[in-house]
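Have a look at the structure below, then the notes.
Every number in this text was worked out from the coordinates using simple rules, so none of it is lab data. Remember, predicted model here, so these are calculated numbers, not experimental data. Every residue, glycine as well, gets a Cβ built from its backbone with ideal geometry; the counts of neighbours run over all protein chains shown.
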Amino acid sequence: MDTTPEQISSRTAAAWTVALAVLGGFTGFAWGGPFLAVTCGLSVGGGAAVGTALSRRRIVATIREGQGKAAALGYADGIADVMVLGISAYRASVFPLSGPDAVDAAERMARRKAAYQLTAADGLPHHIREAAAAALGAIDEGRDRDTQSAIEDLMKAVQEQSRGT
């Protein structure tokens with residue numbers, strides 16, 4: 001099924017035209033018989049066809065706008081999710097700094113760079129960038145408790161963004 005705005009508009013116009021023509025036909029038949037049924041069906045159906053043809057440009061523009069908003073929101077959601085993963089990977093490389101689970105300085109710096117680049121990606125809402133900056137600041141300063149709280153706040157902000165609230 002083709003879902004371009006033009007096709008959606010055409011199908012919607014056809015559905016309205018047929019529905020109103022049938023309704024006009026039934027109304028005409030109830031008022032005065034078969035002749036009035038045909039007359040009412042054609043006049044109401046014709047009016048619906050003219051009305052949908054005149055409003056087609058506005059319908060297509062509205063559909064395109066909705067598709068654009070959905071695409072932008074989906075992009076922002078995806079980038080935010082990947083950003084949370086990048087920050088979590090950076091956090092895992094910082095805590096602990098020593099021991100068998102620690103990573104070397106080069107890997108830690110690579111993860112830090114990736115986390116900061118993801119935070120700077122276009123399309124992220126400002127409140128998510130602020131939460132990410134707070135998390136990155138806590139990680140950079142080595143405050144494990146503050147880091148946990150900041151990452152929880154970041155994840156909450158991303159969830160709210162995904163739900164659209």
### Query
What FRET efficiency would be calculated for the residue pair Arg145, Ala110, taking the C-beta separation as r and a Förster radius of 41 Å, to the nearest 0.05?
0.95
### Query
Is it possible to state the helix-based mean residue ellipticity at 222 nm for the chain, with each DSSP H run of 4+ residues giving -39500 (n - 2.57), the sum divided by total residues, to the nearest 500 deg cm²/dmol? What is it?
-29500 deg cm²/dmol
#### Entry: Cα-projected label distance for Glu160 with Thr4, points at 7 Å along beta-carbon direction, nm
4.1 nm
### Task
Please compute the net charge surrounding Ala70, taking Lys and Arg as +1 and Asp and Glu as -1 over other residues with Cβ under 15 Å from its Cβ.
+1
### Task
Report, in cubic angstrom per residue, the convex hull volume of the C-alpha atoms of the chain.
158 Å³
### Query
What percent do you get for the relative contact order of segment 54-149 when only Cα pairs under 8 Å and 6+ apart count?
29 percent
